[in-house]
Amino acid sequence: MAETMKGLKRTSRCGELTVANVGQTVTVMGWVQKQRNKGGIIFVDMRDRAGLLQVIFEESDCGAESFAKAEKLRSEFVVAVVGKVEKRSGAVNENLSTGEIEVRATEVRILSEAETPPFPIEADSKTKEELRLKYRYLDLRRPDVQNNLILRSKITTTARTFMDAEGFVEIETPMLNKSTPEGARDYLVPSRVHPGTFYALPQSPQIFKQLLMCSGYDRYFQVAKCFRDEDLRADRQPEFTQLDLEMSFVDVEDVIDVTERMVKTICKDAIGLDVGLPIQRMTWAEAMNRYGSDKPDTRFGMELTDVSKVVAGCGFGVFTAALEAGGSVRGINVKGQAEMPRKKIDALIEFAKGYGAKGLAYMSIMPDGTYKSSFAKFMTEEELKALAEAMNGEVGDLLLFAADKTALVWSVLGALRIEIAKQLEMIDNDKFNFLWVTEFPLLEWDEDANRFVAMHHPFTMPMDEDLHLLDTDPGKVRAKAYDIVLNGVELGGGSVRIFQSDVQEKMFEVLGFTKEDAYERFGFLLNAFKYGVPPHAGLAIGLDRFVMLLVKADNIREVIAFPKVKDASCLMTEAPGVVDDIQLKDLQIALDLQEVNE
RNA sequence: GGCCCGGUGGCUCAGUUGGUUAGAGCGCCGCCCUGUCACGGCGGAGGUCGAGGGUUCGAGUCCCUUCCGGGUCGCCA
């Protein structure tokens with residue numbers, strides 16, 4: 001039934017034609033968006049990745065055979081049309097880029113017929129994501145997803161061009177690697193040739209790019225696919241892409257400089273956004289104290305205030321107990337929300353509990369100047385007044401407090417601050433606030449493992465002025481590590497790497513690795529360092545998140561062609577799947593599946 | 001693993017304190033229509049209410065279990 005395109009050659013995309021093409025005879029090919037049959041005249045909207053084009057069929061132009069075919073056209077048929085570009089004699093369609101013109105068909109061929117799709121192929125889809133992902137090949141026809149992927153392609157091209165001009169060499173690193181537990185779970189790939197052994201897919205090209213520095217490539221860049229077998233989120237997929245770079249003979253400033261110029265170039269190219277340089281910087285300590293987060297959203301205020309000193313010795317046991325346990329009491333001031341209904345406050349308390357808070361203390365400054373508070377009866381009028389003043393509380397404000405271990409207080413208020421800002425629509429969606437967060441702690445204490453773990457990774461260089469603390473007070477050591485944050489989302493991060501073996505050994509020691517452990521896992525890197533290693537540093541930017549934020553998508557799946565769903569499966573291919581016994585036998589793998597009950 | 005939200009014709013949704021034969025818009029199918037573009041007119045088809053069990057005279061609605069999708073905490077060096 002379907003016809004061939006023999007003898008025809010496409011002359012342009014549907015959406016690319018303009019008034020400049022009027023008078024030309026063109027051949028266009030694409031999908032039928034919509035057919036409108038008026039009887040003696042038929043309008044067909046054709047669609048390709050460039051946009052829509054109206055084709056007009058009249059029997060006097062195209063002959064009886066083509067007219068009969070035009071009558072048969074249904075949505076998503078693939079057609080080739082030969083015709084002449086004309087200025088519309090009817091009304092102009094303001095909504096279309098091709099709205100001033102149309103193609104008067106002289107011939108049509110039906111290259112492929114189509115069943116009615118399970119959901120409409122149109123922008124701003126209202127269809128359930130489940131269905132869209134099952135038929136992703138249809139969903140990918142929709143103009144908004146197409147625009148996202150086309151923009152993504154443009155961004156990687158811009159990044160490559162920029163990095164090339166800056167003297168970076170793009171080098172591919174292996175997908176099949178040795179597993180180095182520590183950090184995220186690895187995706188494992190069994191080896192057939194070496195039964196019982198496994199490759200691991202890379203969580204990042206970290207070690208390889210450091211080795212490339214040892215090998216003298218000086219400046220490395222890669223659009224790198226990475227894999228982490230962890231649970232998904234709206235901005236997290238098990239496989240994702242990083243704009244990954246590493247540089248030799250540099251320090252923090254050099255990496256920040258080249259990165260922010262790359263980011264600026266990409267933003268300008270992709271969406272015409274001017275990013276002012278230098279990008280604002282904030283130390284990790286300042287970010288935590290002001291925003292309760294190491295990736296603060298600076299598009300709105302409502303910053304945290306430490307009131308530990310103000311409430312010290314007050315009569316409210318929840319506050320004093322937290323302080324005695326070495327924690328702190330901090331609050332946020334929700335301006336003008338003194339009258340927030342009890343029900344909404346309770347919901348916020350529940351929200352805080354989700355982050356591990358035992359509760360939230362609140363205090364409203366009423367219009368008559370009195371305080372309505374969950375803890376008023378435990379405090380004197382003077383204490384309440386001092387607290388309100390410390391919070392810059394004015395009439396009409398709602399003050400919310402958390403008291404606990406400081407890390408928990410930060411996390412609770414940091415999350416609460418964002419939740420409230422969303423509820424009260426305090427966030428300007430047109431803003432793109434970039435921020436560098438610097439001077440991260442080198443280590444963090446792992447309660448479960450009862451030891452320090454690297455906050456970034458074990459090759460991160462301590463700050464020069466904190467080096468001496470590595471022996472005496474490792475928890476206080478700050479690292480030459482930096483994250484770039486956009487609108488409260490961690491866009492990327494990196495660090496200066498340790499290149500002196502004595503510092504590296506000390507680091508492993510603090511992490512509780514024996515020399516044998518260290519060599520077992522990273523021997524090739526440590527050995528490489530013996531043969532002349534340049535000081536080096538690098539960074540990686542999450543490409544998927546970057547694109548997501550630039551197109552204002554609300555999840556990362558909108559900028560990935562074939563994403564996985566929450567449980568890391570693919571609704572279209574149904575991956576992961578079971579494999580043949582023959583394949584398993586080849587790999588000498590026996591399954592030992594546990595019944596999942598309880 | 002925990003918590004929260006959702007699942008009703010192809011799509012998006014409505015469905016009251018449990019009560020006749022489960023509705024709407026869009027889409028789809030047929031006929032008509034020479035300037036439509038959210039085309040229009042006339043007619044029509046299409047539903048195991050995610051699945052299983054229970055309560056009840058009676059369940060889309062209440063209860064239990066389970067599957068699927070989303071958000072989030074844990075997790076993500």
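Here are the numbers for this structure:
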quantity	calculated
Residue within segment A:565-573 that is β-branched (V, I, T), touching a Phe, Trp or Tyr at 6+ places or on another chain (Cβ under 9 Å), assigned to a loop (DSSP other than H, G, I, E, B) and open to solvent by 30 Å² or more (accessible area, probe 1.4 Å) present	yes
Any hit, segment A:245-255, residues being over 26 Å from A:V533 (Cα atoms), open to solvent by 10 Å² or more (accessible area, probe 1.4 Å), of a type outside the set (S, T, Y) and in a loop (DSSP other than H, G, I, E, B)	no
Residue list for segment A:546-596, restricted to those being away from RNA strand B (no atom under 11 Å from the Cβ), closer than 18 Å to A:I150 by Cβ and of a type outside the set (A, V, I, L, M)	A:F546, A:K552, A:F562
Per-region count, segment A:372-396, residues open to solvent by less than 30 Å² (accessible area, probe 1.4 Å), in a loop (DSSP other than H, G, I, E, B) and aliphatic (A, V, I, L, M)	2
In segment A:55-67, the residues that are more than 10 Å from RNA strand B (Cβ to nearest atom) and open to solvent by 50 Å² or more (accessible area, probe 1.4 Å)	A:A64, A:E65
Complete set of residues in segment A:205-225 that are closer than 21 Å to A:I556 by Cα, surrounded by fewer than 21 Cβ atoms within 10 Å (Cβ to Cβ) and not aliphatic (A, V, I, L, M)	A:K225
Among the residues listed as A:G331, A:G354, A:G359, the single one being at pLDDT 95 or above and under 41 Å from the mean Cα position of the chain (by Cα)	A:G331
Residue within segment A:221-238 that is among the hydrophobic types (A, V, I, L, M, F, W, C) and within 21 Å of A:K480 (Cα to Cα) present	yes
Options A:L416, A:L399, A:L424; residue that is open to solvent by less than 30 Å² (accessible area, probe 1.4 Å) and either of a type in the set (K, R) or away from RNA strand B (no atom under 13 Å from the Cβ) (or both)	A:L399
Where a residue in segment A:549-563 is part of a loop (DSSP other than H, G, I, E, B) and its partner, wherever it lies, is near RNA strand B (Cβ under 10 Å from one of its atoms) and open to solvent by 30 Å² or more (accessible area, probe 1.4 Å), with Cβ under 6 Å and at least six apart	A:N555/A:A234; A:P563/A:R557
Matching strands (runs of 3 or more DSSP E) fully within segment A:433-517 where at least 2 residues are touching a residue at least 40 places away in the same chain (Cβ under 8 Å)	A:434-438, A:451-454, A:481-486, A:489-496
Per-region count, segment A:313-369, residues in a helix (DSSP H, G or I) and either in contact with an Asp or Glu (Cβ under 9 Å, 6 or more places away or on another chain) or farther than 20 Å from A:E389 by Cβ (or both)	17
All positions within segment A:76-91 that are surrounded by fewer than 11 Cβ atoms within 10 Å (Cβ to Cβ) and more than 6 Å from RNA strand B (Cβ to nearest atom)	none
Residue within segment A:106-116 that is modelled with pLDDT of 95 or more, of a type in the set (S, T, N, Q) and out of contact with any Phe, Trp or Tyr (no Cβ under 9 Å at 6 or more places or on another chain) present	yes
Single match in A:V258, A:V275 (criterion: under 20 Å from the mean Cα position of the chain (by Cα) and more than 15 Å from RNA strand B (Cβ to nearest atom))	A:V275
Considering residues of segment A:16-42 that are part of a strand (DSSP E or B) and open to solvent by 50 Å² or more (accessible area, probe 1.4 Å) only, the residue nearest to A:I150 (Cα to Cα)	A:W31
Selected residue (only one of A:S191, A:S179, A:S215 is away from RNA strand B (no atom under 16 Å from the Cβ) and touching a Phe, Trp or Tyr at 6+ places or on another chain (Cβ under 8 Å))	A:S191
Within segment A:221-247, tally of residues that are in contact with a Gly (Cβ under 8 Å, 6 or more places away or on another chain) and more than 14 Å from A:I560 (Cα to Cα)	5
Options A:L8, A:L73, A:L52, A:L17; residue that is modelled with pLDDT of 95 or more, in contact with a Ser or Thr (Cβ under 7 Å, 6 or more places away or on another chain) and within 13 Å of RNA strand B (Cβ to nearest atom)	A:L52
Among the candidates A:A415, A:A449, A:A403, residue that is aliphatic (A, V, I, L, M) and at pLDDT below 95	A:A449
Count of residues meeting criterion [open to solvent by less than 20 Å² (accessible area, probe 1.4 Å) and on the phi > 0 side of the Ramachandran plot] in segment A:495-518	0
The one condition in (1) open to solvent by 10 Å² or more (accessible area, probe 1.4 Å); (2) under 22 Å from A:D254 (Cα atoms); (3) modelled with pLDDT of 95 or more that A:W436 fails to fulfil	(1)
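The values are calculated or read from the model by the stated rules, or taken from the named source; none is laboratory data. Treat the numbers as computed from the prediction; the structure is a model and nothing was measured. With ideal geometry, Cβ positions are generated from the backbone for all residues, glycine too; neighbour counts draw on all protein chains shown. The protein model used for the area step is the full one, side chains on, heavy atoms only, and it has no ligands, DNA or RNA in it. Shrake-Rupley method; radii C 1.70, N 1.55, O 1.52, S 1.80 Å.
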